[in-house]
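Reviewing the structure listed below.
Laboratory data are not the source of any read-out in this text; all were calculated from the coordinates shown. Small disclaimer: the values here were computed from a predicted structure and weren't measured. Every residue, glycine as well, gets a Cβ built from its backbone with ideal geometry; the counts of neighbours run over all protein chains shown.
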């Protein structure tokens, strides 16, 4: 039996005291990394490097290993039932965030959604024990990504915080709010 632990917005934003120091880091990026960062609306070299690494890993054999590891951690489970649970959550919520309570990227994505006034549901996978591992493994099979947050708007996967394209990137490009309005997730 799959339990359902979801939280509703607004999510309290936690102060990011380290964000000032992070923006001062000067990392020399390869030209491709800089292109990706600019294409995603960022001038932050750290964010660009993270995005570049995420894309590189997703398109490498390492991703298959990550998905296999997630599947192994999930153990034996009813894939059809778990996928049905995920699909139901995505269908029943205008914005669905599969999250990990201690993940800084999850916290930033939820804070952004709260800041723009989005009505969203967040499911904290780490609080669900084995069921959370099963959901993560099945999400990996559905989206080709094992990382969280894994965010869906109006039934469409938009990636995470900064990747796939991610809510931060969509916001910087001026696409997030219109997408949320179209989904009926903004008043």
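For residue 141 and residue 60, FRET efficiency with R0 = 25 Å and r from the beta-carbon atoms, rounded to 0.05?
The computed FRET efficiency comes out at 0.90.
Separation between the residue 81 and residue 69 pseudo-spin-labels, each 7 Å from Cα along Cα→Cβ, expressed in nm?
2.8
Which order do the peptides 66-77, 83-94 take when ranked by the mean count of other beta-carbon atoms within 10 Å per residue, highest first?
Ranking the peptides 66-77, 83-94 by packing returns 83-94, 66-77.
Grab the Cα-Cα distance for residue 126 and residue 154, subtract it from 0.36 nm times how many residues apart they are, and report the gain in nm with one decimal.
7.7 nm
How would you classify the stretch 82-123 from its alpha-carbon gyration tensor, with a ≥ b ≥ c the square roots of the eigenvalues: rounded for a/c under 1.5, else prolate if a/b is greater than b/c, otherwise oblate?
In terms of gyration-tensor shape, oblate.
Apply the a/c threshold of 1.5 to the C-alpha gyration tensor of the stretch 31-183 and tell me whether it is rounded, prolate or oblate.
It comes out oblate by the Cα gyration axes.
Taking 25 Å as R0, compute the FRET efficiency from the Cβ-Cβ separation of residue 46 and residue 115 and round it to 0.05.
E between residue 46 and residue 115, to the nearest 0.05, is 0.75.
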